[in-house]
1. So which trypsin sites (Lys or Arg not before Pro) in segment 15-77 are both in a DSSP loop and have at most 12 other Cβ atoms within 10 Å of their Cβ?
2. For segment 85-146 and segment 9-48, what is the separation of their Cα centres, given in Å?
3. Restricting the calculation to Cα positions, tell me the Rg (one decimal) and the Dmax (whole number) of the chain in Å.
4. Calculate one ³J(HN,Hα) per residue across segment 34-39 by plugging θ = phi - 60° into the Karplus curve 6.51 cos²θ - 1.76 cosθ + 1.60, and present them in order as whole Hz with x for glycine and proline.
5. State in Å² the accessible area per residue of the chain; use a 1.4 Å probe, count heavy atoms of protein chains only, and round to the nearest integer.
6. Taking all protein chains as present, what is the carbon and sulfur share of the accessible area of segment 60-129, in % to the nearest whole number, probe 1.4 Å?
7. Bins of 5 Å, beginning at zero and ending with the bin holding the largest distance: percent of Cα pairs per bin for segment 90-188, please.
8. Using the Cα centre as the reference, give the magnitude of the dipole from point charges on the C-beta atoms of the chain (Lys, Arg: +1; Asp, Glu: -1; all else neutral), rounded to the nearest 20 debye.
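The values are calculated or read from the model by the stated rules, or taken from the named source; none is laboratory data. Just so we're clear, the structure is a prediction, and the values are computed from it rather than from any experiment. Heads up, the Cβs are rebuilt from the backbone with ideal geometry, glycines too, and the neighbour counts pull from every protein chain shown. In case anyone asks, the SASA skips ligands and DNA or RNA and just uses the protein heavy atoms, side chains included. Shrake-Rupley method; radii C 1.70, N 1.55, O 1.52, S 1.80 Å.
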Amino acid sequence: MAIADTTSEDRVVIRESFAWDAQDAYLFDIDGTLLRSRDRIHIHSFASSVREVTGLEITLEGVVLNGATDTAILREAFGLAGIPTETWEPRIEAILEAMRRTIAARRGDLQLWTMPGVEKTLQHLASRGALLGLATGNLEMIGWTKVEEAGLREWFRFGGFSDRFEKRAAMVADAAEKARELIGSDKAGPSICVVGDTPRDIEAARANGLPVIAVATGNYSFEELAGMEPEVCASSLAALLEQTESAVRA
């Protein structure tokens, strides 16, 4: 793997011969990859929606949220609370709809900021003809709301979401299939790359035979992500783009 000359803060590792910005389509995670949130509206919506629909109490304490889908988070929270599946599973659609209503009602209170280099990277990839989509553990309505409120909606044509998929690998498979459909049959075997900030993003990409760009802008360190040997590991998308632009200027 090639290591770029960077500062201690800006680190980039690219697997030899992998052209990170020459793929046909990209599937971007949202939280920790494109943006982060200063509020906890989405997080709090899990317990409040369960309470509203079922009268039951859950907590997300002990649930590993990073890289998890919303539907998987609910299942794990119910399990940790000792609530039997048959008690809550018949009400799952009502719970998810309550979560969507909460975000819709409070979208103006969301406090979001984009990660370094995100918009420039999206512009760079789009200028090279890439198809850009989402592959996120968020419910569809919640994912699009975050992207819209962060001012990034214009870049994305489609997405994979957790409404129908608890397992991240299945959600990524769905997003990849949508990408292939949009690219069309004129191009056989289009190259599709996952972009994320957690080990679960890397694992989901691997499960689908897809390359992955891992960025350490979430809660996992550069070393933790690089240890899983993604095709690209960068401290941020800004660092990755700067490394590429520096190579062009040299």
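1. Filter output for segment 15-77: 38, 40.
2. Answer, in whole Å: 12.
3. 18.4, 63
4. These are the phi-based 3J(HN,Hα) values: 8, 7, 9, 10, 8, 9 Hz.
5. 46
6. So the carbon and sulfur contribution to the accessible surface is 48 percent.
7. 2, 12, 18, 20, 21, 15, 7, 3, 2, 0
8. Working: 26 positive and 39 negative charges, 85 e Å.
Roughly 400 debye for the chain.
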